[in-house]
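Inspection log for the structure reproduced underneath, given as structure tokens.
Read the figures in this text as sums done on the coordinates, not as results from a lab. It should be emphasised that the depicted structure is a prediction, and the values quoted were computed from it without experimental measurement. All Cβ positions, even for glycine, are placed from backbone atoms using ideal geometry, and neighbour counts span all protein chains on display.
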Amino acid sequence: MGISLSPSALLDGQGINVTNLVNQILSQSTGQLTGWQNEQATLQSQASALTAINNDLTNLASVVTALSDPLGALTAQAATSSNTGVLTATADTSATAGTHQIVVTNLATAGTAYTNGVSDANASFLPSGATTGDISLQIGGSTGVTHDIAITQGSNDTLTTLASYINSQGWGVTANVITDATGSRLALFSQATGTPGALAITSNTTSLTFNAPTGGTNASLTIDGIPYSSTTNRITGAIPGVTLNLVSGASGNPVQLTVGPDVQQTTQAINNFVSAYNQIVSDINQQYTVNAATNSEGPLGADASLRQLQSSLMADVTYSVSGNSGYVNLASLGINMNNDGTLTVDSTALNSALASNPTAVLGFFQNSGLTGFANNFHTNLMQLTDSTQGLLNVDLAQNKAQQQSLSDSINNFEVQLAAQQKQLMNQFSRVNASLQAYPLLLQQVTETLAALDSGSITGSSHPILTSGL
């Protein structure tokens, strides 16, 4: 629509609304700008959707990597104790499946020693009249190291100062002063269990009386009938790939330890995969869902890269192997595809497969030839998520470049509009000044003409027109 002005209004001395007129002129030039801005908004919506789906793809790659990892969840071993009150255990991937009978007779204990009570923990325990004394502390049994503790009056001759002294030596012994109704006692605790932690007082020239030390004994147990002794209650090496944690002694009561595939970790890894796969499939499906209000698909409805990704994922998830005791695809494990492309896990069928043939389940997902389901999926996902060549990353890079190009065009156009606005404002401001002066000019002309009509013209005398004539 063109811009029109009323001639009669222009000549009444009010002039024109310069700002409004300039804005009308410029508005006819902003159609291209609006188009660019709309296109930029569309690109931003597409980038947001691409980023979300790309994040889904990265998460899927992570859980598929866990399925294909030869040291991951699917190869994990578990050690299950029939009596966790006696012992628990963990197994690594090198553990061999089997059962073991274990009898724990006693635990490894730390050595302890303590004195009889004295009335005052801060009073000297040196014999009357003595200024020095000596205590010999042996750590580690009969073949252990003996530490000679020289007692000096005013230095370490009270329970409090002696405990502080022992703690400062770094011998692997903790000294405490225990005060109760019987008085104060010095208590020594070895920081090691078994024979290395055995304590003994081999000499004592002070007035302190030490009770017979206790503890410092090795754990005693049998594993499949073979006797075993350990200085600690955490035992490695007795059963290859298995770590035993002794909890209590139960003389004569065998505990059955079962070592085998960790079904719980395997099930969790498979469920994590299904969840991640369903997330990306659902998000892709959402892009092709028609909005009833707008009668249009999502911002990526026409994106060719997304169609390519959808096809690639479908090919990967329907991948099958041959043989493998009949476990050749996801459906054979109880993982079924729904009408919308998402997956559902039949827990009963999956648990049955894991219980009956865990080796075949592992072989379906991964093998040494890297032809398993997870091996194949992992290889493809590494390509799809490549930071520079990945399908959606390439799409995002192109989107970013288009947004930058549009942003540059918009900025340049806005600079031009600003310059044009300034020019038009100056131009029409001058026109407006002339229009506002028109009534006065017209009045002067009229008055001059009237004077010429009524007066006589003699000689060279003429009325003079002013104000712009």
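Against the chain, whose longest principal axis comes from its Cα atoms, helix 373-384 is set at around 40 degrees. For percent of Cα pairs over 31 Å apart, one of (1) 72; (2) 46; (3) 42 was computed from the structure I shared and the rest are decoys. Which label? Answer label, from the structure shown: (1).
Does a label point 7 Å from the Cα of T348, set along Cα-to-beta-carbon, have any residues of the stretch 223-264 with amide nitrogen under 14 Å, and which are they? No residue qualifies, since no backbone N sits under 14 Å from the label point.
Put in order of Cβ neighbour count within 10 Å, fewest first, the listed residues D340, D224 become D340, D224. Shape index of the stretch 242-298: Rg/Rh, with Rg the Cα radius of gyration and Rh the Kirkwood radius from the inverse mean 1/r over Cα pairs, equals 1.51. Shown is the FRET efficiency for L424 and V445, computed with R0 = 30 Å from the Cβ-Cβ distance and rounded to the nearest 0.05: 0.50.
Computed from the Cβ-Cβ distance with R0 of 25 Å, the FRET efficiency linking S275 to A97 stands at 0.30. With a Förster radius of 56 Å applied to the beta-carbon distance between T205 and N245, the computed FRET efficiency rounds to 0.85. The charge dipole of the chain, taken about its Cα centre with unit charges on the Cβ atoms of Lys, Arg (+1), Asp and Glu (-1) only, comes to about 380 debye. Could you state the angle between the C-alpha long axis of helix 304-317 and the longest principal axis of the C-alpha atoms of the chain, as a value from 0 to 90 degrees rounded to the nearest 10? Approximately 20 degrees, to the nearest 10. Residues H147, H378, arranged from fewest to most other Cβ atoms within 10 angstrom of their Cβ, appear as H147, H378.
Farthest towards the positive end of the charge dipole of the stretch 316-469, among the residues A374, T388, A433, is the Cα of A433, using unit charges on the Cβ of Lys, Arg, Asp and Glu. With neighbours defined as other Cβ atoms within 10 Å of a residue's Cβ, the residues F210, F273 order from fewest to most as F210, F273. Helix 31-68 and the longest principal axis of the C-alpha atoms of the chain enclose an angle of approximately 10°. Estimated from helices alone, the mean residue ellipticity of the chain at 222 nm is -14000 deg cm²/dmol (sum of -39500 (n - 2.57) over DSSP H runs with n ≥ 4, per residue).
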